[in-house]
Structure formats: C-alpha cells, structure tokens
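The values are calculated or read from the model by the stated rules, or taken from the named source; none is laboratory data. Just so you know, these numbers come straight off a predicted model, no measurement behind them. Here the Cβ positions follow ideal geometry from the backbone for every residue, glycine too, while neighbour counts run over all protein chains shown.
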Amino acid sequence: MRLFLVFARKYPVSTSLMVLGLIAASLAEGIGIMTMLPLFSIYFSSPDGEGPPLPTGDLEIRVTAFIEQLGIDATAGVLAPIVVGFIYLKAGLLIAAKRQVGYTVARASMDLRLRLLDAMMGARWRYFVGQRMGTVTNAISSESERASNAFLYASTVLSLLINNVIYIAITIVISWEATVAVFATALTGMLLLSRLVRATRKAGVKQTKLMRSLINRLSDALQAIKPLKAMARQNRIAPLLSKDTRKLNRAARKKVLATEALSAIQEPIILTCLVLVAWFAASVLAMPGPRFLVFGAVFIRLLTQLARAQRQYQKFTTQESAYWAIEDTIQRALDHREEVRPGIAPSLKHQIECIDICLKYEDKMLFDHANLTLPAGRITALVGPSGSGKTTLGDLVIGLIEPDSGSIELDGVPLAEVDTVAWRERIGYVPQEMFLLNDTIRVNVTLGEEGLDDAAAERALRRAGAWGFVSMLPDGLGSTVGERGAFLSGGQRQRIAIARALVHEPMLLVLDEATTALDPEAEASVWRSLRELRDEVTILAVSHQNILADAADRIYRVEGGKVVVVDADTVGQGH
C-alpha cells in the first residue's frame, strides 16, 4: 500500500477528508450496531416489544444505562429509529468520502499525464529523439488510467479495513473469546489465499512491460502501413507482434485465473469460518440470544468485508505497476531535462556564425573545427551525403544540441548567452516529414494559439504563397485538410507547413529537406516564394536537391566533419 501513501502526500486535503469521512461513517455504523443490543433484548424479553430490556448480561445493561443517561428512552419505538438513522448517516458519510476518492482519482490521472508531457517536452533533444513514442503514448492513454485506478482500489481497501476495525472492536466488547476464534479462522483463510494475490501482482507487472513492448512495435508498424500495403506485405505485421501478443495473453490468463480463483474459493472458506465460530459462540460460550444475534450480524459483515478487501487488494496489485512504470518514465525524462537559460534578447541583423565547431556523437566525429556563416536576410544552403551532419548542424544553430567545443554567435553574441526560449520563439522550422492535424487550415497554421487571429493566419499564408489556393476553397481558412493533409496536394501541404513556421514572423527559417518529396515544378514554385522572403527572414535550407544552385545565396558542402563553401555549379556533384 506504499502507493496510497504516495497519493496521500500529493493530495493531502482530499485524502484527509476521505479518511475522516470513512472513520465517521464506520463509527456511525458501530453506534447503530451497538444500539441493537438493548433493542433485541426488548424483543426477546417482552412479546409486545415495550417491556424493559432483559438483563441477559452486563454488556446489555451497560449499553442500556448509557442510552438512558443521554436522556433517551430505551424502548423499541425509540431505539429502532435510532438504529435506522445511524445506518442512513453512515451511508451519507460514505458517499461524501467516496466523492473525495472520485475527485482524487480523476485529478491523479490528469496530473500524471500533464507531468509526463511536461517532462518529455522539457527533455534534451538527444534524449527525446531516442525515446519510443509508443511508450509515451501508452503511458498517457493507459498507464495513467491504471495508476489512478490503483488509488481507487487502495482507497476501497482502506475503507473496508476501517470498517473492520470497528467490527472487531464490537466483537471484542461482546466476547473476546469469540473474537479470537474469528481472527484465527479469518487469518488462516487469508493466508491460504495470499498466494493467489502474489500471482496476480506478478501477472500485472509482466502485463505492464509487455503492453509497452507491444504498443511500441505496433506504433512503428502503423507508421509504415502505406508502403506495406502497397507491397501487399501488411500481413507480415501480425507475426512481428505475435510473440509479445502471446506473452501478453498468457499474463492476462494468469491474472484472470488468479482473480476468479480467489473469488470462488473465498465463499466456502467464509461459510466454513461462519459455521465454526457460530458453533463456538453458541455451544462453548453459551452466548445469550440478543448478543448472539448482534455478534452474528457483525461477524458475517466482518468476514465478507475482509474477503472483499482481499479482492480489492488483488485488483490494486494488478494496477500498481502502471504507476511505477509511468513514474520511471517521468523521472528519466527529468534526469535529462534541458537547461533553459535566461539571457540576452536575440538579435539577427548581420549574421549567424558557427566558429570552430567540434561535435562527437558516440564514436563518430561529426564536425572537426567546422566554420559556417549565415548572412542575415539571405538563403544559405547545406548540401552533402546522407549522414554527413547537415540536420545536426541546423540543430546546433537552433540550440537543440550544444557543440563539444567552439561557439555559435548571433551578431557576435554567443548563443550560450542568449535567452533560449526567446531565440526559439523567433525560429520557424519546416521538417521533411511535416505533420498536419486533421483539422482546419486555420488551426494547422496557428495551432489554436490565442493571439493569432485570422489576419495573422492569412498574412502567413500569403508569405508562404498559399493564400491563392486557400482563398479558393469553399470554407477558406475553415476548410478541413483531412488525415495528414489528405485533401491537399503535396505542394499545398508544404506551403501550409511553411505558413505555420512563418506565422510568428521568425528571424530564422530552417527548412530541413522540406521540399524533397515535391515534384520539380512544385518545388520550384515553393522556392520562388521563399526567395521573395529573403530580405524579411534569414533562411537555412538543408537539401539534396540541385534546385538550391538557383535558389540559394550561399552554399556549403558538409562532408567528413568539414563544412566548405562551394560554387553553385558543383552542388549536384558527389551526391
């Protein structure tokens, strides 16, 4: 139940109110049960139910005397409504306590999702790109829900245990000898079934690990579904996933078997305990009738709630592993949190310079004292073979990664001294594998950001050369683009992505193989639009395409750890 303590520390007010409500509800029920003693004595001693309670024992006499000291007549007509009233009071208090549980469960699920998103978004870029997105997706969608449900089950167990403490106190007052018998039989039964609880916990932990692995593989496969279907190889996905699926199936079977076995075996054990303790109380202890009735009612409630508590604890063990898994994911992301530095406001009026940049990745030297200059208001292109580090050089300029040595300067100011967030807010970035939301063009350009109205979206679309076709659509900015922009052509999708990068009016626009997937005519059209922006924004383009020879003002070739200026005539050579 360590997880319950974790949630209690995170949500102390809700948890305290819940516990207080559970204790108050149990006390109300206990008072109602104890009031049954003189009530049953009256019915046993007087046919009309209005006579004095039969002094069948000191306990009944003491309870009756206490009630009369409170100014309450110990008659059936008075005691019966009191018993019923405390039963309803218990129900009301229990509802109030469960309400707090519901609030906490919903909030815990939300907080886990938000913490995970914040941790992942704040992680260093190198760590982020090394993560399996299936793991993050599963944590947000499934594990956070299971983790909050674990708190729900733990709270139910606590509620039942608090009730049982009151029941045990009542049975001790009625007969400590019978209570010892209850403990002996109940404890024996729970120990016999504890192995099933452990089996469920083990299956739950295994299920969490296997589900992560399966979701990761499935996520990877679905991203490649189009080429797989194009080659009629989509049926090969299932065998790749079958191993984890079979293991997950076995873990689920073990969990279901252990759960159902516990539920099935509990019933005969409860009945056996009931018969043994009833015989002991009636035959050995010769318990009086009224006291036997109350003891029997409490004993039955005690056994059934202990059994329910064990079942709820079993459910808790199947969900608990999800919480620790998602916490581990969050903590690892926090351990790699990016240091976001405050500093000087960014300025780009003259140039960006990369001076003597050295960067080693694993055992490979990507850059060895590389130098690069990006003139402000011009298009600078990076060309070179795949894997040479063109994209990495762009990441260095953006500040997503830092060089091992050397410096990057904006108008002579080292990037390390520039406000990180302010600099990135002035960057527009268009990747090769762009993403479009299945939403309107307006949302795809502004991403729903407050402060970016239709005028800002239209201005960005005009600068990207996209307003011509957008204005011709039936709903204009309100037109839906479809799944991944399926309702638009490749060139139109690319222009929407460029408009999104321009909507904040950036200082620097980075195009990372952004036009590679376009046909020559569409690519030439996009570059004509970009050339018109040269005096307004500095452009860094990473590409394999020869069209850069006509579009770029300066071209660098990246290869073998070096960055060298090349003539436009040699751009297409060596690719």
Return the residues of the range 427-447 that are closer than 18 Å to residue 506 by Cα and surrounded by fewer than 17 Cβ atoms within 10 Å (Cβ to Cβ); say none if nothing qualifies. 431, 447
May I ask you to list the residues in the range 347-365 that are more than 28 Å from residue 562 (Cβ to Cβ) and surrounded by 14 or more Cβ atoms within 10 Å (Cβ to Cβ)? 347
With respect to residue 411, is the statement that it is touching a residue at least 60 places away in the same chain (Cβ under 8 Å) and surrounded by fewer than 19 Cβ atoms within 10 Å (Cβ to Cβ) true? yes
Lone unmet requirement of (1) out of contact with any strand residue (DSSP E or B) (no Cβ under 6 Å at 6 or more places or on another chain); (2) among the aliphatic types (A, V, I, L, M); (3) modelled with pLDDT of 80 or more for residue 434: (3)
For the range 1-37, give me the residue count where each residue is among the hydroxyl-bearing types (Ser, Thr, Tyr), surrounded by 17 or more Cβ atoms within 10 Å (Cβ to Cβ) and farther than 12 Å from residue 170 by Cα. 3
Of these, 91, 74, which one is part of a helix (DSSP H, G or I), of a type outside the set (Asp, Glu) and either more than 30 Å from residue 325 (Cα to Cα) or at pLDDT 70 or above (or both)? 91
Just to be sure I understand, how many residues within the range 115-146 are among the aliphatic types (A, V, I, L, M) and under 15 Å from residue 328 (Cβ atoms)? 7
Looking only at the range 99-115, decide whether some residue is crowded, with 16+ Cβ neighbours inside 10 Å, touching a residue at least 12 places away in the same chain (Cβ under 8 Å), among the hydroxyl-bearing types (Ser, Thr, Tyr) and within 30 Å of residue 10 (Cα to Cα). yes
May I ask you to verify whether residue 293 is over 18 Å from residue 399 (Cβ atoms), at pLDDT below 80, surrounded by 14 or more Cβ atoms within 10 Å (Cβ to Cβ) and in contact with a Gly (Cβ under 9 Å, 6 or more places away or on another chain)? no
Please determine whether any residue of the range 351-372 is under 30 Å from residue 140 (Cβ atoms) and either touching a residue at least 40 places away in the same chain (Cβ under 8 Å) or in contact with a Ser or Thr (Cβ under 9 Å, 6 or more places away or on another chain) (or both). yes
Any residue in the range 180-190 that is in contact with a helix residue (DSSP H, G or I) (Cβ under 6 Å, 6 or more places away or on another chain), modelled with pLDDT under 70 and not polar (S, T, N, Q)? no
Among the numbered criteria (1) at pLDDT 80 or above; (2) farther than 24 Å from residue 531 by Cα, which single criterion is violated by residue 461? (2)
Taking the range 452-494 and keeping only residues that are aromatic (Phe, Trp, Tyr) and either more than 23 Å from residue 428 (Cα to Cα) or not in a helix (DSSP H, G or I) (or both), one is left with 487
State the number of residues belonging to the range 383-418 that are touching a Lys or Arg at 6+ places or on another chain (Cβ under 7 Å) and more than 26 Å from residue 364 (Cα to Cα). 1
What residue, among those in the range 495-508 that are in contact with a helix residue (DSSP H, G or I) (Cβ under 7 Å, 6 or more places away or on another chain) and assigned to a loop (DSSP other than H, G, I, E, B), is surrounded by the fewest Cβ atoms within 10 Å (Cβ to Cβ)? 504
Please verify whether residue 477 is at pLDDT 80 or above, more than 15 Å from residue 440 (Cα to Cα), of a type outside the set (D, E, K, R) and in contact with a strand residue (DSSP E or B) (Cβ under 9 Å, 6 or more places away or on another chain), treating the condition exactly as stated. no
Of the residues 384, 406, which is of a type in the set (Gly, Ala, Ser) and free of Cβ contacts under 8 Å to residues at least 60 places away in the same chain? 406
Just to be sure, is residue 50 at pLDDT below 65 and either in contact with a Leu (Cβ under 9 Å, 6 or more places away or on another chain) or polar (S, T, N, Q) (or both)? no
With respect to residue 127, is the statement that it is hydroxyl-bearing (Ser, Thr, Tyr), part of a helix (DSSP H, G or I), out of contact with any Cys (no Cβ under 6 Å at 6 or more places or on another chain) and surrounded by fewer than 21 Cβ atoms within 10 Å (Cβ to Cβ) true? yes
